[in-house]
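Asker: Please find one structure pasted underneath; my questions will follow.
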Amino acid sequence: MYVPPPVPVLTQQNGPLPPGWQQELAPDGRVYYIDHNTKQTSWTRPAPLGPTAVPYAQPVAVQAPPPVAVQAPPPVAVVPPPVPIAVARPRPPPPPPPSASGLPPHWERKTAPDGRTYYVDHRTKTTHWQLPTTAPVAGAPIVVPATVVSGPGAGGPIMPTGTRRALLIGCNYPKTSCALRGCVNDAVRMRELLRQQGFPDSGIRLLRDDRRTSYTSSAGGELPTKQNIISGLRWLVNGAARGDALFFHFSGHGAQQRDTTGDEADGYDETILPCDFKRTGQITDDDLFKIVVKDLPEGCKLTAIMDCCHSGTGLDLPFNYVQGRGWQCEEVPFHTRGDVQMFSGCEDDQCSADTVQNYQAGGAMTNAFLQALADNPMPLYPDFLAALHRNLNRKGHRQRPQLSSTQRFDLRDRVFHVTEGFVPNHNTTFGVPPGARRTKPVRRRKRRSGGMGLEGMMAAGMGVGILSAFMR
(Lines give C-alpha, C1' and ligand atoms only; values in the text may rest on other atoms or scores of the structure.)
Protein backbone atom coordinates (compact mmCIF):
# COMPACT_ATOMS: atom_id res chain seq x y z
CA MET A 1 0.00 0.00 0.00
CA TYR A 2 1.33 3.37 -1.01
CA VAL A 3 1.45 6.13 1.68
CA PRO A 4 2.29 9.64 0.43
CA PRO A 5 4.86 11.63 2.37
CA PRO A 6 3.51 14.18 4.91
CA VAL A 7 2.64 17.61 3.54
CA PRO A 8 4.80 20.31 5.11
CA VAL A 9 3.14 23.06 7.16
CA LEU A 10 2.72 26.19 5.07
CA THR A 11 3.62 29.56 6.47
CA GLN A 12 2.34 32.88 5.34
CA GLN A 13 4.74 34.27 2.82
CA ASN A 14 4.80 37.78 1.42
CA GLY A 15 2.91 38.98 4.41
CA PRO A 16 -0.19 37.83 6.16
CA LEU A 17 -3.29 36.85 4.21
CA PRO A 18 -6.50 38.78 4.55
CA PRO A 19 -8.80 37.68 7.38
CA GLY A 20 -10.71 34.47 6.52
CA TRP A 21 -8.21 33.31 3.86
CA GLN A 22 -6.12 30.18 4.09
CA GLN A 23 -3.19 28.95 2.03
CA GLU A 24 -3.13 25.26 0.94
CA LEU A 25 -0.96 22.99 -1.16
CA ALA A 26 -2.56 20.98 -3.93
CA PRO A 27 -1.51 17.32 -4.51
CA ASP A 28 0.53 18.37 -7.54
CA GLY A 29 2.53 20.84 -5.39
CA ARG A 30 0.83 24.04 -6.47
CA VAL A 31 -0.36 26.54 -3.89
CA TYR A 32 -3.99 27.56 -3.82
CA TYR A 33 -6.05 29.74 -1.49
CA ILE A 34 -9.34 29.23 0.36
CA ASP A 35 -11.66 32.13 1.17
CA HIS A 36 -13.74 30.92 4.10
CA ASN A 37 -15.80 34.07 3.86
CA THR A 38 -17.22 33.15 0.48
CA LYS A 39 -16.51 29.39 0.55
CA GLN A 40 -14.44 29.71 -2.66
CA THR A 41 -10.91 28.79 -3.73
CA SER A 42 -8.49 30.59 -5.95
CA TRP A 43 -5.10 29.91 -7.52
CA THR A 44 -4.31 33.63 -7.17
CA ARG A 45 -2.99 35.00 -3.90
CA PRO A 46 -5.37 37.65 -2.51
CA ALA A 47 -4.24 41.21 -2.27
CA PRO A 48 -2.12 42.03 0.77
CA LEU A 49 -3.60 43.85 3.77
CA GLY A 50 -4.10 47.57 3.48
CA PRO A 51 -2.59 50.15 5.82
CA THR A 52 -5.71 50.12 7.89
CA ALA A 53 -5.85 46.46 8.11
CA VAL A 54 -4.96 44.83 11.32
CA PRO A 55 -2.07 42.47 10.76
CA TYR A 56 -1.93 39.07 12.26
CA ALA A 57 0.04 39.00 15.44
CA GLN A 58 1.76 35.89 14.18
CA PRO A 59 1.63 33.59 11.23
CA VAL A 60 -1.13 31.14 11.21
CA ALA A 61 0.20 27.64 11.28
CA VAL A 62 -1.58 25.36 8.94
CA GLN A 63 -2.05 21.87 10.19
CA ALA A 64 -1.23 19.34 7.54
CA PRO A 65 -4.02 16.81 6.97
CA PRO A 66 -3.38 13.35 8.22
CA PRO A 67 -1.91 11.03 5.66
CA VAL A 68 -4.53 9.29 3.52
CA ALA A 69 -3.94 5.70 2.62
CA VAL A 70 -4.22 5.36 -1.15
CA GLN A 71 -5.31 1.94 -2.35
CA ALA A 72 -3.12 0.88 -5.18
CA PRO A 73 -5.14 -0.22 -8.25
CA PRO A 74 -5.25 -3.94 -8.79
CA PRO A 75 -2.85 -5.23 -11.38
CA VAL A 76 -4.35 -5.53 -14.87
CA ALA A 77 -3.88 -8.90 -16.52
CA VAL A 78 -2.42 -8.32 -19.97
CA VAL A 79 -3.64 -10.91 -22.46
CA PRO A 80 -1.20 -11.35 -25.33
CA PRO A 81 -2.67 -11.31 -28.85
CA PRO A 82 -3.54 -14.73 -30.28
CA VAL A 83 -0.78 -16.43 -32.11
CA PRO A 84 -1.83 -17.32 -35.68
CA ILE A 85 -2.06 -21.03 -36.22
CA ALA A 86 -0.47 -22.35 -39.35
CA VAL A 87 -3.00 -24.36 -41.33
CA ALA A 88 -1.54 -26.96 -43.59
CA ARG A 89 -3.11 -26.62 -47.06
CA PRO A 90 -2.96 -29.41 -49.58
CA ARG A 91 -0.62 -28.78 -52.40
CA PRO A 92 -2.20 -28.47 -55.84
CA PRO A 93 -1.57 -31.42 -58.12
CA PRO A 94 1.34 -31.01 -60.47
CA PRO A 95 0.32 -29.57 -63.85
CA PRO A 96 -0.04 -32.07 -66.68
CA PRO A 97 2.79 -32.07 -69.15
CA PRO A 98 2.28 -30.14 -72.39
CA SER A 99 1.31 -32.10 -75.46
CA ALA A 100 3.83 -33.01 -78.09
CA SER A 101 2.32 -30.40 -80.42
CA GLY A 102 3.12 -27.59 -77.99
CA LEU A 103 -0.58 -26.89 -77.34
CA PRO A 104 -2.12 -26.91 -73.87
CA PRO A 105 -3.19 -30.34 -72.67
CA HIS A 106 -6.45 -31.67 -74.15
CA TRP A 107 -6.25 -29.27 -77.10
CA GLU A 108 -5.87 -30.38 -80.69
CA ARG A 109 -5.01 -28.49 -83.87
CA LYS A 110 -7.10 -29.42 -86.93
CA THR A 111 -7.51 -28.17 -90.48
CA ALA A 112 -10.88 -27.25 -91.99
CA PRO A 113 -11.74 -28.26 -95.58
CA ASP A 114 -11.00 -24.72 -96.79
CA GLY A 115 -7.46 -24.92 -95.36
CA ARG A 116 -8.04 -22.82 -92.26
CA THR A 117 -6.66 -24.03 -88.95
CA TYR A 118 -8.93 -24.41 -85.93
CA TYR A 119 -8.48 -25.79 -82.44
CA VAL A 120 -10.54 -28.34 -80.52
CA ASP A 121 -10.79 -28.29 -76.72
CA HIS A 122 -11.68 -31.88 -75.83
CA ARG A 123 -12.37 -30.92 -72.21
CA THR A 124 -15.24 -28.52 -73.00
CA LYS A 125 -16.18 -30.02 -76.38
CA THR A 126 -15.78 -26.65 -78.10
CA THR A 127 -13.81 -25.41 -81.09
CA HIS A 128 -12.03 -22.13 -81.76
CA TRP A 129 -10.51 -20.50 -84.81
CA GLN A 130 -7.75 -19.20 -82.55
CA LEU A 131 -6.41 -20.23 -79.19
CA PRO A 132 -8.39 -17.99 -76.79
CA THR A 133 -6.45 -15.48 -74.73
CA THR A 134 -7.83 -17.21 -71.65
CA ALA A 135 -6.44 -20.56 -72.74
CA PRO A 136 -3.75 -21.88 -70.38
CA VAL A 137 -0.19 -21.88 -71.52
CA ALA A 138 1.59 -25.13 -72.17
CA GLY A 139 2.32 -26.91 -68.92
CA ALA A 140 -0.26 -25.05 -66.84
CA PRO A 141 -3.34 -26.80 -65.43
CA ILE A 142 -6.60 -26.24 -67.25
CA VAL A 143 -9.55 -25.03 -65.21
CA VAL A 144 -12.74 -26.20 -66.88
CA PRO A 145 -15.69 -23.93 -66.04
CA ALA A 146 -19.02 -25.60 -65.37
CA THR A 147 -21.56 -25.36 -68.15
CA VAL A 148 -24.09 -22.75 -67.10
CA VAL A 149 -27.57 -23.92 -67.90
CA SER A 150 -30.12 -21.15 -67.77
CA GLY A 151 -33.87 -21.45 -67.76
CA PRO A 152 -36.11 -23.75 -65.75
CA GLY A 153 -33.83 -26.74 -66.19
CA ALA A 154 -30.67 -25.14 -64.79
CA GLY A 155 -28.00 -27.64 -63.83
CA GLY A 156 -24.32 -28.50 -64.10
CA PRO A 157 -22.22 -29.67 -67.03
CA ILE A 158 -23.91 -32.03 -69.48
CA MET A 159 -21.99 -35.29 -69.51
CA PRO A 160 -22.90 -38.03 -72.03
CA THR A 161 -24.59 -41.01 -70.41
CA GLY A 162 -23.63 -43.39 -73.22
CA THR A 163 -27.29 -44.07 -74.05
CA ARG A 164 -27.69 -43.88 -77.83
CA ARG A 165 -30.90 -44.64 -79.67
CA ALA A 166 -32.01 -44.12 -83.29
CA LEU A 167 -35.13 -44.51 -85.42
CA LEU A 168 -34.46 -44.84 -89.18
CA ILE A 169 -37.29 -44.88 -91.72
CA GLY A 170 -37.02 -45.66 -95.43
CA CYS A 171 -40.20 -45.58 -97.55
CA ASN A 172 -39.94 -46.58 -101.23
CA TYR A 173 -43.70 -47.14 -101.66
CA PRO A 174 -43.14 -50.11 -103.99
CA LYS A 175 -45.78 -51.08 -106.53
CA THR A 176 -47.57 -47.75 -106.17
CA SER A 177 -47.94 -44.79 -108.50
CA CYS A 178 -45.63 -42.72 -106.27
CA ALA A 179 -42.80 -45.27 -105.85
CA LEU A 180 -39.29 -44.07 -105.00
CA ARG A 181 -36.00 -45.92 -105.41
CA GLY A 182 -33.39 -44.85 -102.88
CA CYS A 183 -35.13 -44.27 -99.54
CA VAL A 184 -34.45 -47.69 -98.06
CA ASN A 185 -30.83 -47.39 -99.18
CA ASP A 186 -30.68 -44.08 -97.29
CA ALA A 187 -31.85 -45.71 -94.06
CA VAL A 188 -29.41 -48.61 -94.41
CA ARG A 189 -26.46 -46.32 -95.09
CA MET A 190 -27.41 -44.11 -92.17
CA ARG A 191 -27.42 -47.17 -89.93
CA GLU A 192 -23.81 -47.88 -90.93
CA LEU A 193 -22.84 -44.32 -90.01
CA LEU A 194 -24.46 -44.64 -86.58
CA ARG A 195 -22.70 -47.92 -85.92
CA GLN A 196 -19.42 -46.12 -86.52
CA GLN A 197 -20.58 -43.44 -84.05
CA GLY A 198 -21.03 -46.06 -81.33
CA PHE A 199 -24.77 -46.76 -81.60
CA PRO A 200 -25.47 -50.39 -80.62
CA ASP A 201 -27.67 -52.51 -82.88
CA SER A 202 -30.09 -52.92 -79.97
CA GLY A 203 -30.49 -49.14 -79.96
CA ILE A 204 -31.28 -48.81 -83.68
CA ARG A 205 -34.77 -49.46 -85.01
CA LEU A 206 -35.04 -49.63 -88.83
CA LEU A 207 -38.41 -49.42 -90.60
CA ARG A 208 -38.34 -50.29 -94.33
CA ASP A 209 -40.87 -51.31 -96.96
CA ASP A 210 -38.74 -53.24 -99.44
CA ARG A 211 -39.68 -56.58 -97.88
CA ARG A 212 -42.66 -58.70 -98.88
CA THR A 213 -44.57 -58.21 -95.68
CA SER A 214 -48.24 -57.42 -95.25
CA TYR A 215 -49.34 -54.57 -93.03
CA THR A 216 -51.12 -56.93 -90.66
CA SER A 217 -48.56 -59.75 -90.45
CA SER A 218 -46.58 -60.57 -87.33
CA ALA A 219 -43.51 -59.16 -89.01
CA GLY A 220 -45.27 -55.89 -89.72
CA GLY A 221 -43.24 -54.14 -87.06
CA GLU A 222 -40.50 -53.52 -89.62
CA LEU A 223 -42.83 -51.77 -92.04
CA PRO A 224 -43.01 -47.94 -91.92
CA THR A 225 -46.77 -47.85 -91.42
CA LYS A 226 -48.31 -44.89 -89.66
CA GLN A 227 -48.87 -46.94 -86.52
CA ASN A 228 -45.33 -48.32 -86.52
CA ILE A 229 -43.77 -44.90 -87.15
CA ILE A 230 -45.67 -43.35 -84.24
CA SER A 231 -44.80 -46.35 -82.06
CA GLY A 232 -41.15 -46.04 -83.07
CA LEU A 233 -41.09 -42.31 -82.26
CA ARG A 234 -42.47 -42.97 -78.80
CA TRP A 235 -39.90 -45.71 -78.28
CA LEU A 236 -37.16 -43.28 -79.35
CA VAL A 237 -37.89 -40.76 -76.60
CA ASN A 238 -39.24 -43.11 -73.94
CA GLY A 239 -37.19 -42.68 -70.75
CA ALA A 240 -34.90 -40.13 -72.41
CA ALA A 241 -32.63 -38.39 -69.90
CA ARG A 242 -30.03 -35.66 -69.65
CA GLY A 243 -26.90 -36.69 -71.56
CA ASP A 244 -28.64 -39.16 -73.91
CA ALA A 245 -27.98 -38.95 -77.68
CA LEU A 246 -30.95 -39.68 -79.98
CA PHE A 247 -31.19 -39.74 -83.77
CA PHE A 248 -34.16 -39.64 -86.18
CA HIS A 249 -33.95 -40.07 -89.96
CA PHE A 250 -36.82 -40.13 -92.43
CA SER A 251 -36.39 -40.73 -96.15
CA GLY A 252 -39.56 -40.81 -98.20
CA HIS A 253 -42.37 -38.62 -99.46
CA GLY A 254 -43.19 -35.32 -97.80
CA ALA A 255 -46.26 -33.21 -98.50
CA GLN A 256 -48.36 -30.37 -97.16
CA GLN A 257 -51.91 -29.99 -95.96
CA ARG A 258 -54.00 -27.02 -94.88
CA ASP A 259 -53.21 -25.76 -91.39
CA THR A 260 -56.27 -25.72 -89.15
CA THR A 261 -54.61 -24.37 -85.97
CA GLY A 262 -53.18 -21.09 -87.30
CA ASP A 263 -49.59 -21.83 -86.23
CA GLU A 264 -48.13 -21.91 -89.76
CA ALA A 265 -47.06 -18.66 -91.42
CA ASP A 266 -47.75 -20.02 -94.92
CA GLY A 267 -51.05 -21.66 -93.98
CA TYR A 268 -49.81 -25.24 -94.50
CA ASP A 269 -48.66 -28.01 -92.18
CA GLU A 270 -45.68 -30.03 -93.40
CA THR A 271 -46.24 -33.79 -93.39
CA ILE A 272 -44.48 -37.11 -93.94
CA LEU A 273 -46.16 -40.03 -95.67
CA PRO A 274 -46.03 -43.54 -94.18
CA CYS A 275 -46.18 -46.46 -96.56
CA ASP A 276 -49.92 -46.88 -95.89
CA PHE A 277 -50.81 -43.18 -96.20
CA LYS A 278 -53.62 -43.88 -98.66
CA ARG A 279 -55.41 -45.84 -95.94
CA THR A 280 -54.33 -44.12 -92.70
CA GLY A 281 -53.36 -40.59 -93.76
CA GLN A 282 -50.33 -38.39 -93.18
CA ILE A 283 -48.27 -37.55 -90.09
CA THR A 284 -48.07 -33.77 -89.58
CA ASP A 285 -45.25 -31.68 -88.18
CA ASP A 286 -47.56 -30.92 -85.24
CA ASP A 287 -47.75 -34.66 -84.50
CA LEU A 288 -43.96 -35.07 -84.72
CA PHE A 289 -43.37 -32.10 -82.43
CA LYS A 290 -45.75 -33.35 -79.74
CA ILE A 291 -44.22 -36.84 -79.72
CA VAL A 292 -40.46 -36.27 -79.92
CA VAL A 293 -39.77 -32.59 -79.13
CA LYS A 294 -42.24 -31.13 -76.64
CA ASP A 295 -41.37 -33.18 -73.55
CA LEU A 296 -37.72 -33.99 -74.28
CA PRO A 297 -35.78 -33.27 -71.07
CA GLU A 298 -33.11 -30.62 -70.71
CA GLY A 299 -29.67 -31.81 -71.78
CA CYS A 300 -30.98 -34.60 -74.05
CA LYS A 301 -29.71 -34.30 -77.63
CA LEU A 302 -31.81 -35.27 -80.67
CA THR A 303 -30.46 -34.94 -84.21
CA ALA A 304 -33.03 -35.26 -86.99
CA ILE A 305 -32.56 -35.63 -90.77
CA MET A 306 -35.68 -35.29 -92.90
CA ASP A 307 -34.90 -36.10 -96.53
CA CYS A 308 -38.29 -35.39 -98.07
CA CYS A 309 -40.18 -32.67 -99.88
CA HIS A 310 -41.48 -29.61 -97.95
CA SER A 311 -39.31 -30.46 -94.95
CA GLY A 312 -37.86 -27.03 -94.13
CA THR A 313 -39.76 -26.76 -90.83
CA GLY A 314 -40.71 -30.42 -90.60
CA LEU A 315 -40.47 -30.52 -86.79
CA ASP A 316 -41.90 -27.04 -86.05
CA LEU A 317 -38.79 -25.99 -84.10
CA PRO A 318 -38.78 -22.35 -82.91
CA PHE A 319 -35.40 -21.22 -84.32
CA ASN A 320 -34.41 -21.33 -88.00
CA TYR A 321 -30.91 -20.48 -89.17
CA VAL A 322 -30.73 -18.07 -92.12
CA GLN A 323 -27.37 -17.54 -93.81
CA GLY A 324 -26.16 -13.99 -93.21
CA ARG A 325 -28.89 -13.24 -90.66
CA GLY A 326 -28.30 -15.85 -87.99
CA TRP A 327 -31.05 -17.45 -85.91
CA GLN A 328 -34.57 -16.28 -86.70
CA CYS A 329 -37.36 -17.02 -84.23
CA GLU A 330 -40.87 -17.98 -85.27
CA GLU A 331 -43.55 -15.41 -84.52
CA VAL A 332 -45.39 -17.82 -82.25
CA PRO A 333 -42.65 -20.18 -81.03
CA PHE A 334 -43.14 -23.08 -78.66
CA HIS A 335 -40.02 -23.25 -76.51
CA THR A 336 -38.88 -26.52 -74.97
CA ARG A 337 -36.02 -27.70 -72.74
CA GLY A 338 -34.33 -30.32 -74.93
CA ASP A 339 -31.52 -29.95 -77.47
CA VAL A 340 -33.10 -30.75 -80.86
CA GLN A 341 -31.48 -29.92 -84.19
CA MET A 342 -32.98 -30.78 -87.56
CA PHE A 343 -31.44 -30.76 -91.03
CA SER A 344 -34.08 -30.68 -93.74
CA GLY A 345 -33.71 -31.84 -97.33
CA CYS A 346 -35.07 -28.56 -98.66
CA GLU A 347 -37.14 -25.50 -97.85
CA ASP A 348 -40.85 -25.74 -97.05
CA ASP A 349 -41.87 -24.89 -100.62
CA GLN A 350 -39.23 -27.04 -102.33
CA CYS A 351 -38.87 -30.69 -103.24
CA SER A 352 -36.10 -33.12 -102.38
CA ALA A 353 -34.68 -35.25 -105.14
CA ASP A 354 -33.72 -38.86 -105.63
CA THR A 355 -30.27 -39.32 -107.13
CA VAL A 356 -27.73 -42.00 -108.03
CA GLN A 357 -24.27 -42.19 -106.54
CA ASN A 358 -21.80 -45.02 -107.09
CA TYR A 359 -24.50 -46.85 -109.10
CA GLN A 360 -26.82 -46.79 -106.08
CA ALA A 361 -30.05 -44.81 -105.75
CA GLY A 362 -30.47 -42.55 -102.76
CA GLY A 363 -31.75 -39.24 -101.55
CA ALA A 364 -29.79 -36.19 -102.62
CA MET A 365 -29.78 -34.76 -99.08
CA THR A 366 -28.75 -38.04 -97.43
CA ASN A 367 -25.91 -38.48 -99.94
CA ALA A 368 -24.73 -34.91 -99.34
CA PHE A 369 -24.92 -35.43 -95.56
CA LEU A 370 -22.90 -38.66 -95.59
CA GLN A 371 -20.35 -37.25 -98.03
CA ALA A 372 -19.81 -34.14 -95.90
CA LEU A 373 -19.08 -36.25 -92.80
CA ALA A 374 -16.81 -38.57 -94.79
CA ASP A 375 -14.76 -35.57 -95.93
CA ASN A 376 -14.62 -34.03 -92.44
CA PRO A 377 -15.83 -36.17 -89.51
CA MET A 378 -15.75 -33.24 -87.03
CA PRO A 379 -16.71 -30.11 -88.98
CA LEU A 380 -17.69 -26.77 -87.58
CA TYR A 381 -21.33 -26.01 -88.28
CA PRO A 382 -20.67 -23.31 -90.94
CA ASP A 383 -18.30 -25.68 -92.75
CA PHE A 384 -20.78 -28.53 -92.53
CA LEU A 385 -23.65 -26.45 -93.94
CA ALA A 386 -21.40 -25.16 -96.71
CA ALA A 387 -20.40 -28.74 -97.55
CA LEU A 388 -24.06 -29.81 -97.78
CA HIS A 389 -24.86 -27.04 -100.27
CA ARG A 390 -21.66 -27.63 -102.20
CA ASN A 391 -22.33 -31.36 -102.56
CA LEU A 392 -25.87 -30.69 -103.77
CA ASN A 393 -24.79 -27.99 -106.23
CA ARG A 394 -22.21 -30.32 -107.76
CA LYS A 395 -25.03 -32.71 -108.67
CA GLY A 396 -27.14 -29.92 -110.11
CA HIS A 397 -29.78 -29.96 -107.34
CA ARG A 398 -31.50 -26.69 -106.48
CA GLN A 399 -32.88 -27.75 -103.12
CA ARG A 400 -31.65 -25.78 -100.10
CA PRO A 401 -31.22 -27.74 -96.84
CA GLN A 402 -32.31 -25.86 -93.72
CA LEU A 403 -31.11 -25.99 -90.10
CA SER A 404 -33.62 -25.48 -87.28
CA SER A 405 -33.21 -25.89 -83.54
CA THR A 406 -34.87 -25.66 -80.14
CA GLN A 407 -31.86 -23.72 -78.79
CA ARG A 408 -29.79 -20.84 -80.09
CA PHE A 409 -26.03 -21.46 -80.20
CA ASP A 410 -22.96 -20.02 -81.90
CA LEU A 411 -22.37 -22.01 -85.10
CA ARG A 412 -18.88 -20.58 -85.54
CA ASP A 413 -17.60 -22.10 -82.32
CA ARG A 414 -19.18 -25.55 -82.30
CA VAL A 415 -18.37 -28.85 -83.97
CA PHE A 416 -21.20 -30.88 -85.43
CA HIS A 417 -21.29 -34.35 -83.91
CA VAL A 418 -24.13 -36.80 -83.40
CA THR A 419 -23.15 -37.96 -79.91
CA GLU A 420 -21.23 -34.98 -78.49
CA GLY A 421 -21.55 -31.22 -78.13
CA PHE A 422 -24.75 -31.00 -76.06
CA VAL A 423 -26.40 -27.58 -76.10
CA PRO A 424 -27.86 -26.58 -72.70
CA ASN A 425 -31.29 -25.05 -72.30
CA HIS A 426 -31.26 -21.28 -72.73
CA ASN A 427 -35.02 -20.80 -72.99
CA THR A 428 -36.42 -18.94 -70.00
CA THR A 429 -39.98 -20.05 -70.69
CA PHE A 430 -41.56 -23.38 -71.57
CA GLY A 431 -44.27 -23.24 -74.22
CA VAL A 432 -45.51 -20.19 -76.08
CA PRO A 433 -44.11 -16.96 -74.54
CA PRO A 434 -46.75 -14.70 -72.94
CA GLY A 435 -48.09 -12.17 -75.42
CA ALA A 436 -46.71 -13.92 -78.50
CA ARG A 437 -49.10 -13.61 -81.41
CA ARG A 438 -48.94 -13.60 -85.15
CA THR A 439 -48.51 -10.06 -86.46
CA LYS A 440 -48.63 -10.92 -90.16
CA PRO A 441 -51.68 -12.37 -91.88
CA VAL A 442 -51.45 -16.00 -92.93
CA ARG A 443 -50.39 -16.07 -96.55
CA ARG A 444 -51.15 -18.83 -98.98
CA ARG A 445 -47.77 -19.25 -100.62
CA LYS A 446 -47.44 -20.37 -104.19
CA ARG A 447 -45.49 -23.57 -104.41
CA ARG A 448 -42.44 -23.75 -106.59
CA SER A 449 -42.22 -26.06 -109.53
CA GLY A 450 -42.32 -29.70 -108.52
CA GLY A 451 -44.06 -29.22 -105.16
CA MET A 452 -47.44 -30.78 -104.48
CA GLY A 453 -49.54 -31.96 -101.62
CA LEU A 454 -51.13 -35.31 -101.03
CA GLU A 455 -54.17 -34.22 -103.01
CA GLY A 456 -51.99 -33.63 -106.05
CA MET A 457 -50.32 -36.99 -105.70
CA MET A 458 -53.62 -38.82 -105.46
CA ALA A 459 -55.12 -36.89 -108.39
CA ALA A 460 -52.12 -37.16 -110.69
CA GLY A 461 -52.10 -40.96 -110.68
CA MET A 462 -49.41 -42.48 -112.86
CA GLY A 463 -48.08 -39.06 -113.76
CA VAL A 464 -46.70 -38.86 -110.25
CA GLY A 465 -45.01 -42.21 -110.75
CA ILE A 466 -42.76 -40.63 -113.36
CA LEU A 467 -42.14 -37.48 -111.30
CA SER A 468 -41.61 -39.30 -108.03
CA ALA A 469 -38.69 -41.23 -109.46
CA PHE A 470 -36.83 -37.95 -109.05
CA MET A 471 -38.84 -35.96 -106.47
CA ARG A 472 -39.89 -36.76 -102.92
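Asker: Exceeding 30 Å between C-alpha atoms, which entries from my cross-link table qualify? They are LYS175/LYS395; LYS175/LYS294; LYS278/LYS301; LYS110/LYS301; LYS290/LYS395.
Answerer: Over 30 Å apart, Cα to Cα: LYS175/LYS294; LYS278/LYS301; LYS290/LYS395.
Asker: Expressed in nm to one decimal, what extension gain is obtained for the pair GLN257 and THR161 from 0.36 nm per residue of sequence separation less their Cα-Cα distance?
Answerer: So the extension gain works out to 30.7 nm.
Asker: Pull out a ≥ b ≥ c, the square roots of the eigenvalues of the alpha-carbon gyration tensor of segment 277-330, then state rounded if a/c is under 1.5, prolate if not and a/b is larger than b/c, and oblate in the remaining case.
Answerer: oblate
Asker: With the crude spin-label approximation of a point 7 Å out along Cα→Cβ, what separation in nm comes out for GLU192 versus GLN22?
Answerer: With each label placed 7 Å out from Cα toward Cβ, I get 12.9 nm.
Asker: Ignoring ligands, DNA and RNA, what accessible area per residue does segment 218-320 give at 1.4 Å, in Å²?
Answerer: Per-residue accessible area for segment 218-320 comes out at 29 Å².
Asker: May I pose another question? In segment 222-364, carbon and sulfur make up what percent of the accessible area (probe 1.4 Å)?
Answerer: About 44 percent, which is the carbon plus sulfur part of the accessible surface.
Asker: Can I ask one more? Please give the FRET efficiency for TRP235 paired with GLU420, using the beta carbon to beta carbon distance and R0 = 22 Å, rounded to the nearest 0.05.
Answerer: Rounded to the nearest 0.05, the efficiency is 0.40.
Asker: State, to one decimal in nm, how far the label point of THR176 lies from the label point of LYS395, with both points 7 Å from Cα in the Cβ direction.
Answerer: Using points 7 Å along Cα→Cβ, the separation is 2.2 nm.
Asker: Give me the one-decimal nm value for the distance between modelled label points at TRP43 and VAL432, 7 Å along each residue's Cα-to-Cβ direction.
Answerer: Modelled inter-label distance: 9.4 nm.
Asker: Right, something else. Beyond 24 Å, how much of the Cα-Cα pair distribution for segment 181-314 remains, as a whole percent?
Answerer: 31
Asker: Tell me, how many Å apart are the Cα centres for segment 266-303 and for segment 403-429?
Answerer: 21
Asker: Roughly how many Å² of TRP235 are accessible to a 1.4 Å probe, to the nearest 10?
Answerer: Rounded to the nearest 10, that gives 60 Å².
Asker: Arrange the peptides 283-289, 374-380 so that the one whose residues have, on average, the most other Cβ atoms within 10 Å appears first.
Answerer: In decreasing order of mean packing, 283-289, 374-380 become 283-289, 374-380.
Asker: Which GluC sites (Glu not before Pro) in segment 246-344 pass both tests, a DSSP loop state and at most 13 other beta-carbon atoms within 10 Å?
Answerer: For GluC sites (Glu not before Pro) across segment 246-344 that sit outside H, G, I, E and B with at most 13 neighbouring Cβ atoms in 10 Å, the list reads GLU331.
Asker: Can you list which of the chymotrypsin sites (Phe, Trp or Tyr not before Pro) found in segment 358-406 are DSSP loop residues with at most 14 other C-beta atoms within 10 Å?
Answerer: The qualifying sites are TYR359.
Asker: Let me ask another. Packing-wise, with mean Cβ within 10 Å as the measure, how do 17-25, 30-38 rank, highest first?
Answerer: Descending mean neighbour count gives 17-25, 30-38.
Asker: For segment 286-417, compute Rg over Rh where Rg is the Cα radius of gyration and Rh is the Kirkwood radius from the inverse mean 1/r over Cα pairs.
Answerer: My calculation of the ratio gives 0.96.
Asker: What does the highest-first list of 193-205, 301-313 look like by mean Cβ count within 10 Å?
Answerer: 301-313, 193-205
Asker: If each residue of separation counts as 0.36 nm, what is the full-extension length gain between ASP375 and ASP35 once their alpha-carbon separation is subtracted?
Answerer: Answer, rounded to one decimal: 110.6 nm.
The values are calculated or read from the model by the stated rules, or taken from the named source; none is laboratory data. Fair warning: this is a prediction, and the values are worked out from it, not measured in the lab. Positions of Cβ are generated from backbone atoms using ideal geometry, with glycine treated the same way; all protein chains shown enter the neighbour counts. These area figures cover heavy atoms from the full protein model, side chains too; ligands, DNA and RNA do not enter into them. Shrake-Rupley method; radii C 1.70, N 1.55, O 1.52, S 1.80 Å.
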